[in-house]
1. When Lys and Arg each count +1 and Asp and Glu each count -1, what net charge do the other residues less than 9 Å away from GLU527, Cβ to Cβ, add up to?
2. Suppose every K and R has +1 on its Cβ and every D and E has -1 on its Cβ; what is the size of the dipole of the chain about the Cα centre, in Debye to the nearest 20?
3. Report the gain in length on full extension from ILE66 to GLU144: 0.36 nm times residue separation, minus Cα-Cα distance, nm rounded to one decimal.
4. Please give every one of the lysines within straight-line cross-link reach of LYS478, meaning a C-alpha to C-alpha distance under 24 Å, and leave out same-chain neighbours fewer than 8 residues apart.
5. So which helices of the chain fit the span-like rule, where a helix is a whole DSSP H run, its Cα atoms reach 27 Å or more along the axis, and its mean Kyte-Doolittle is at least 0.5?
6. More than 39 angstrom separation, counting every C-alpha pair in the chain; what % is that?
7. Computed FRET efficiency, Cβ-Cβ of ARG465 and THR81, R0 56 Å: what is it to the nearest 0.05?
8. Please compute the length gained on full extension between ALA113 and LEU236, using 0.36 nm multiplied by the number of residues separating them and subtracting their Cα-Cα distance.
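Each value in this text was obtained by applying a stated rule to the coordinates, not by laboratory testing. This is a predicted model, so every value here is computed, not measured. Using ideal geometry, Cβ is built from the backbone for each residue, glycine included, and neighbour counts are taken over all protein chains shown.
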Amino acid sequence: MTAAEPYVTRRVTASVSFAPAEEAGALVRPRATSRLPARAGTLLQAAAALLWIPQAGLIAMVIGGIAAGEPARATLVPAATVFLLGIVRAGLERSGVRSAFDAARKHLSDLRAEAIAVVAGRSPLDMSAPSSGLVASALAEQAEAVVPYLARFQPLRFKAAVVPLAILACVLAFSWVAALILLVAAPLIPLFMALIGWRAKEASERQLARMGDMNAFLLDRLRGLATIRTFGTVDLTALRLRASADDLRTRTMAVLRIAFLSSAVLELFAALGVAMVAVYVGFHFLGQLEFGAWAGKLSLAQGLFVLMLAPAFFEPLRDLSTVWHDRAAGQAGLEAIEKMAVRGMPIVGATAGEVRPTERGTALSVRAEDLTFRYPGRDSYVLAGFDLDVRPGEHVALVAPSGAGKSTILALLAGLAPVSGGIVRIGGEPLNAANAARLRASMAWIGQPPHIFPGTIASNVALGRPEIGASEMTAALKVARLDGVAARRGPSPVGENGVGLSGGEALRLAIARAAAGADKGLILADEPTAHLDSATASEVIESLLAAAAGCTLVVATHDPVLAGRMDRVIDLSHRLAEAAE
């Protein structure tokens, strides 16, 4: 539970809401909002490539006319038409590229939004949830490979399927031999490209997986940097990070090596195809090869037309080869995003939209009736037939050894995970998907250890609640006995995970978060005095009691001093042990 506490604190205290939870394990399919723009960009680029056919025909006709002795002014209209077609072609190409890129970027934004909604809606008790480093790598770095895949590879693949066929039909109209040469050379290219592509996809998946592992490792070590320094394992950590970086570099170079190999294969077959067409046309003009033309012999204009179309026949395939590695990286990126979009254990009632508490500042009753809970995929129950009744304004301590399930009870009371059986009532209302977000807006969570974000003390106390004014901020800091620390630090920021603050100050900052605002009716505190010395724990206890004045407080603890300050102590040791058995 403590590992997930930053996630819980941010969402319970700040009352952030999410999309409705769906069945665990379900894959969220993003809406195809950018399908039409992507198709439009693809068609525009294909149309631009097809305009070369009339351009080549006009150029061949002009050259043939000049060779036949036609007057120069007869070439003005065809030349002007070629020029105009060139302008139109450039405009279509530019519009197509921009449209495809914009559509790809929008589609990626939709994918990210859907995946982030799923990740944000997963319960902090979900053991199958991906690590923060893996999520960051998949949605930030690996996801960027989707844009080149959609904006470049997909349009070029369509162009490679349409343009060569149109050119082949035009060449076939004049020479069946030239068309046969192109027809024989063309299938060899995608065949070898497919064989290489399979290798490239596997190599790209391994490279992206290694990148995610390294990012997760780096983020974990950065979070535990103080511990690493304390135990003197900085050099060992650096060696492991260097080894991971070397392995990632090797895998990246393997992907690039395959990409260059695919380009070399295409260039080889394209050069052979164009050369064979040129040899045939040349010998046909010399009279050495008199077959292959439907009219008996190709004219100069017809031969030039065929020669100019031969390189254009392979050009879409050549362009496709330059972005072939985008396919492997893009598909691997899409798979990484889809893995993030798999539903796990949801937060109860994570509904969208701004949520306000029904009764501001009113102490809430808490009641659990025949509560049962177990983690997905496990046979044993953490809770079985658990009952709890807390009156409005009552301060209650749940006492049990560490790891007995106290934090799980608090999470279920907050609706941070669905119960397997039974009912949780907050303020007399059964907690369900329809009202959980509204009820959570009247709760505050104090976890151990609290997550402190980089920024000022004030920004960490407000934590996404801009409605908290200066007077409320001052009062919250005073209640948490953090006003002196805030005055001493001023605008100086604290570091990630509370660098610059002591353990007790970090706990009191979390208490100030709970005290800020007038909408709390229930405070859930998870081991607030754990790992603190007696003097610091005493300060935290006094701050917690001051923040909980006038509202209901449920504390999970095994600290006898804190438990002794509560109105009632509930010993869960035997009850939770029986449930586990």
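1. Values: positive: LYS406; negative: ASP526, ASP559.
Net charge in that neighbourhood comes out at -1.
2. 1440 debye
3. On the way: separation 78, 0.36 × 78 = 28.08 nm, distance 5.23 nm.
Contour length minus Cα-Cα distance gives 22.9 nm.
4. Once the sequence-local lysines are set aside, what remains near LYS478 is LYS520.
5. Long hydrophobic helices here: 76-120, 154-172, 176-223, 234-286, 300-322.
6. 48 percent
7. For ARG465 and THR81, the calculated efficiency is 0.25.
8. 40.5 nm
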